[in-house]
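What follows is a single structure, written as structure tokens, with notes after it.
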Number of protein chains: 4
Amino acid sequence: MSECTIEELRAQVWQANLALEHHHLVTFTWGNVSGIDRDRGIMLIKPSGVDYENLTAENMVAVRLADGQPLAGQLKPSSDTPTHLELYRRFPEMQGIVHTHSRFAVAWAQAGKDIPALGTTHADYFYGPIPCTRALTQAEIDDDYELNTGRVIAEYIHSEQTMAIPGIIVNQHGPFAWGTSPSNAVHNAVVLDEVARMALYTLQINPAATSVDQGLLNKHYLRKHGKNAYYGQSNNA
Amino acid sequence: MSECTIEELRAQVWQANLALEHHHLVTFTWGNVSGIDRDRGIMLIKPSGVDYENLTAENMVAVRLADGQPLAGQLKPSSDTPTHLELYRRFPEMQGIVHTHSRFAVAWAQAGKDIPALGTTHADYFYGPIPCTRALTQAEIDDDYELNTGRVIAEYIHSEQTMAIPGIIVNQHGPFAWGTSPSNAVHNAVVLDEVARMALYTLQINPAATSVDQGLLNKHYLRKHGKNAYYGQSNNA
Amino acid sequence: MSECTIEELRAQVWQANLALEHHHLVTFTWGNVSGIDRDRGIMLIKPSGVDYENLTAENMVAVRLADGQPLAGQLKPSSDTPTHLELYRRFPEMQGIVHTHSRFAVAWAQAGKDIPALGTTHADYFYGPIPCTRALTQAEIDDDYELNTGRVIAEYIHSEQTMAIPGIIVNQHGPFAWGTSPSNAVHNAVVLDEVARMALYTLQINPAATSVDQGLLNKHYLRKHGKNAYYGQSNNA
Amino acid sequence: MSECTIEELRAQVWQANLALEHHHLVTFTWGNVSGIDRDRGIMLIKPSGVDYENLTAENMVAVRLADGQPLAGQLKPSSDTPTHLELYRRFPEMQGIVHTHSRFAVAWAQAGKDIPALGTTHADYFYGPIPCTRALTQAEIDDDYELNTGRVIAEYIHSEQTMAIPGIIVNQHGPFAWGTSPSNAVHNAVVLDEVARMALYTLQINPAATSVDQGLLNKHYLRKHGKNAYYGQSNNA
């Protein structure tokens with residue numbers, strides 16, 4: 001069922017990590033993208049603390065989904081690896097995950113507020129508000145912090161509609177986004193930061209601005225993602 | 001009366017779509033420009049969901065103004081096509097139309113507020129506030145949403161002075177702008193976002209800032225656009 | 001006493017106009033720089049409505065200081081020419097003048113507020129707040145608008161300390177800056193927009209932020225501009 | 001004990017000064033970086049008022065730590081030299097110092113407010129709020145202003161944990177940052193401005209946003225900087 005080799009996935013994950021910089025989502029090394037080969041039970045992720053300019057397809061780190069151990073000869077994986085693994089284990093639809101400290105998503109995370117669905121830009125991608133998680137407890141911080149970050153995120157994700165809201169912000173931390181591939185996850189991370197930015201400006205203009213009604217939310221989300229979607233070229237276009 | 005061939009118009013529409021990216025008005029594929037050949041009854045518009053880097057003059061989609069049908073062998077046109085067509089049908093002065101999700105215009109649209117004419121930058125292009133439309137009703141959303149978007153926009157446009165305020169923001173959605181050509185429409189879309197941005201900052205500095213008086217509005221608008229305009233080079237310069 | 005030929009000044013004015021774009025002070029053609037040869041009584045200024053990419057040293061427009069008439073064979077000068085001329089006539093120290101619609105200076109102008117001297121960045125260049133002029137009267141707008149703009153600006157400039165505050169914002173319009181040369185005027189226009197931006201953010205963080213005391217203002221302004229200035233390299237360095 | 005020659009340090013200081021521009025921390029010449037050779041008692045710093053494009057390794061100015069005098073044949077050092085020297089004398093851990101007028105750090109400085117630790121981006125680098133100093137007294141401004149700036153900064157730095165909060169903002173002035181090398185100091189200056197920016201946006205979204213608890217602060221700071229740090233590649237990776 002795997003649609004590509006490990007080497008092809010390595011290249012995809014590498015390119016997706018570079019795309020973070022292209023889209024101005026990262027300062028220094030503050031972001032990472034992973035991808036997964038579910039048949040082989042292998043996740044590929046950015047190495048920890050390596051500059052984007054020094055990344056290569058080869059130094060993407062292969063980690064076993066089952067136990068989180070890197071394969072032999074690999075660099076140390078991103079310190080956020082246990083968060084990625086936990087999400088992949090719980091949500092089979094996820095094929096790529098991104099974590100960044102992108103500016104506007106972080107601002108909402110630090111504010112401890114869900115990002116409301118204030119317009120159609122948001123509704124085109126996120127079928128409702130983007131949740132801000134609860135804070136982790138002290139116990140959750142002290143032991144297995146990164147694993148617990150994944151567990152707390154999971155509390156807010158709908159198992160059967162994982163892709164309906166393909167991103168979240170972790171309280172006082174920052175955004176995670178996911179998708180049907182590593183590059184799709186990056187796409188969603190870009191949108192998340194952009195709608196976070198628009199929402200800030202909207203509320204500055206009108207603090208009483210309201211979320212879109214369910215009818216408009218349905219219209220925009222479903223014309224791109226529903227069974228009768230009519231956005232984009234059909235397969236035989 | 002047509003001033004250029006369909007092929008020339010194709011190239012103009014293609015270039016105008018690329019200009020959206022050059023002016024930082026679009027994220028991903030979130031924008032489209034159209035142009036019209038009124039003699040032949042043909043509108044040309046960006047294809048749906050195609051990246052800007054993959055656009056060519058050739059893949060601009062030709063659609064019949066009369067019934068909205070693409071000519072044979074064309075890609076699927078932008079999902080906003082019925083909005084563009086409705087505006088071209090109602091307002092003969094329009095020769096180019098742009099829709100984007102540019103950041104600051106969207107913020108005002110999500111805020112549900114007209115963009116006030118706070119200074120001469122605005123008055124140089126827009127002869128009064130830039131209206132924010134009413135929200136569409138649920139019935140208008142459910143059937144023929146994009147067509148109804150055009151109809152709602154039309155409620156706010158002066159038929160005989162279509163170019164006096166060459167743009168609008170659709171409630172909880174985003175901006176549409178128009179002009180005497182596809183590139184002029186893009187020009188107006190750039191100005192719309194810039195004055196939206198300046199208006200936000202102005203009100204942050206002084207929430208009681210007031211709109212320009214009619215006298216200053218007249219002066220600036222008419223020195224560029226009136227019968228006795230004295231801005232720019234005259235034709236025989 | 002002229003330190004350069006008309007041709008050299010032409011090149012300086014052209015380069016200074018291009019610098020506006022390099023420093024991101026202009027959208028489209030929304031800015032102009034002039035320079036003056038006081039011995040010959042000639043001002044050079046950007047032509048009206050010409051894109052920056054089409055500017056050349058040769059198409060800078062030569063205008064007589066005495067009567068504002070362009071020399072033979074010139075393009076039409078910027079519509080703001082009478083404002084520039086009025087300022088050159090009244091203030092002999094001015095050797096270059098800039099007008100832009102730069103974003104943050106315009107926001108303060110639209111807000112109708114002086115830009116307060118909130119820190120040393122401001123004090124390094126402007127020896128006090130940057131004034132926002134009064135609005136022009138209807139009579140001043142109706143006849144000789146651009147000339148009257150210059151007259152209103154002049155009400156706020158200290159004749160003997162013209163360079164102590166080398167810029168101003170015109171109510172509901174935008175900034176003018178000046179300097180000891182066209183490029184120095186551009187330099188001051190860049191600083192004006194930057195301190196306008198910093199002042200906005202400062203007051204967002206702390207609406208009660210106060211202006212610098214006279215002592216700190218003196219220290220920073222005078223260490224760069226006073227008789228005993230000790231900033232930069234001395235002439236024989 | 002010196003790990004590099006004076007010539008190598010010259011090149012490092014030059015590159016670190018250029019990095020200020022690369023990271024968009026400076027307008028014109030508004031920033032300087034220094035480095036120190038403690039064995040030889042020599043500090044290297046940017047010359048005063050020289051454009052970044054004209055900087056070379058060779059024109060970095062060598063100054064004696066003991067008495068602040070430049071070595072023979074050097075340009076005039078940055079006017080902020082006495083501040084850098086005072087900090088190097090008092091804090092042996094500092095190996096590089098940066099001063100800029102970066103926009104968001106200046107805004108907090110002008111607001112006269114500490115930058116609160118609102119999230120993990122901050123906690124990854126700064127082990128608590130970034131202090132804003134008291135204003136200098138008139139006497140401190142009148143005589144030895146730059147030296148006194150260093151003394152006032154020193155009031156807020158923990159002698160034994162100099163690197164725990166590697167930056168500060170000087171009241172109504174701007175940021176200073178330091179590090180284990182000139183380039184590390186620039187890195188910290190970039191982070192300082194970024195967390196200043198995020199903090200502004202956070203408080204705009206939620207004026208009641210709170211600082212991170214000590215537990216989360218410990219976790220993030222110590223996983224990068226503590227004895228058991230597990231971020232980045234280990235030395236034998």
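Readers should treat all values here as calculations from the given coordinates under stated rules, not as data from a laboratory. As the structure is a computational prediction, the values presented were derived from the model and not from experiment. Neighbour counts run over all protein chains shown; Cβ positions are idealised from the backbone, glycine included.
Numbers for the structure displayed
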{"quantity": "Taking chain C and dividing mean pair separation by its residue count, relative contact order in percent (alpha carbons under 8 Å, at least six apart)", "calculated": "20"}
{"quantity": "Computed over the range B:1-74, the ratio Rg/Rh where both radii use C-alpha atoms and Rh is Kirkwood", "calculated": "0.97"}
{"quantity": "Net charge over other residues, Cβ less than 15 angstrom from the Cβ of residue C:190 (K, R count +1; D, E count -1)", "calculated": "-3"}
{"quantity": "7 Å along Cα→Cβ, label-point gaps from residue A:59 to other copies, nm, shortest first", "calculated": "3.5, 3.5, 4.9"}
{"quantity": "Listed pairs A:76/A:113; A:113/A:227; C:219/D:76 exceeding 27 Å between Cα atoms", "calculated": "A:76/A:113; A:113/A:227"}
{"quantity": "Bins of 10 Å, starting at 0 and running to the largest distance - Cα pair percent for the range D:127-237", "calculated": "12, 35, 35, 15, 3, 0"}
{"quantity": "Rounded to whole Å, sorted largest first: equivalent-ellipsoid semi-axes of chain D, Cα gyration tensor", "calculated": "29, 21, 17"}
{"quantity": "Residue B:160-residue A:228 pseudo-label distance in nm [points 7 Å out on the Cα-to-Cβ vector]", "calculated": "4.3"}
{"quantity": "Chain D, closest residue to the rotation axis toward A, by beta-carbon, whole angstrom", "calculated": "D:204, 5"}
{"quantity": "Number of partner chain Cβ atoms within 10 Å, mean per residue of A:214-225", "calculated": "3"}
{"quantity": "Residue order, fewest to most surrounding Cβ atoms within 10 angstrom, among C:145, A:88", "calculated": "C:145, A:88"}
{"quantity": "Gaussian network model of chain A, springs between alpha carbon atoms under 10 Å - residue of A:117, A:66, A:135 with greatest fluctuation", "calculated": "A:66"}
{"quantity": "Nearest-first distances (nm) between copies at residue D:138, label 7 Å from Cα via Cβ", "calculated": "5.0, 5.0, 7.1"}
{"quantity": "FRET efficiency estimate (nearest 0.05) - Cβ-Cβ, residue B:208 to residue B:21, R0 41 angstrom", "calculated": "0.65"}
{"quantity": "Diffusion coefficient, µm² s⁻¹, Stokes-Einstein with Kirkwood Rh over alpha-carbon pairs of the range A:12-51 at 10 °C and 1.306 mPa s", "calculated": "147"}
{"quantity": "Over the range C:27-161 - Rg/Rh using Cα atoms and the Kirkwood inverse-distance radius", "calculated": "0.97"}
{"quantity": "Footprinting exposure proxy for D:14, D:30, D:178 (fewest neighbouring C-beta atoms within 10 Å first)", "calculated": "D:30, D:14, D:178"}
{"quantity": "About the Cα centre, charge dipole magnitude for the range C:160-237 (Lys/Arg +1, Asp/Glu -1 at Cβ), debye", "calculated": "220"}
{"quantity": "Fewest-first ranking of B:114, A:67, using other Cβ atoms within 10 Å as the exposure measure", "calculated": "A:67, B:114"}
{"quantity": "Backbone N under 13 Å from the residue C:151 label point (7 Å along Cα→Cβ), restricted to the range C:122-137", "calculated": "C:136-137"}
{"quantity": "Inter-label distance for residue D:40 and residue C:142, nm, one decimal - labels placed 7 Å from Cα along Cα-to-Cβ", "calculated": "7.5"}
{"quantity": "Surface/4 of the Cα convex hull for the range D:162-212, nm²", "calculated": "4.3"}
{"quantity": "Unit charges on C-beta of K, R, D, E only; dipole of the range B:88-237, Debye", "calculated": "520"}
{"quantity": "Cα-derived Rg over Rh, computed across the protein assembly as shown with Rh taken as Kirkwood radius", "calculated": "0.98"}
{"quantity": "Positive-end residue, the range B:6-225 charge dipole about Cα centroid, Cβ charges, pick of B:177, B:220, B:110", "calculated": "B:220"}
{"quantity": "Degrees between helix B:182-205 axis and first principal axis of chain B (Cα, 0 to 90, nearest 10)", "calculated": "30"}
{"quantity": "With Cα atoms, 0 to 90° folded angle of helix A:145-154 axis to chain A main axis", "calculated": "40"}
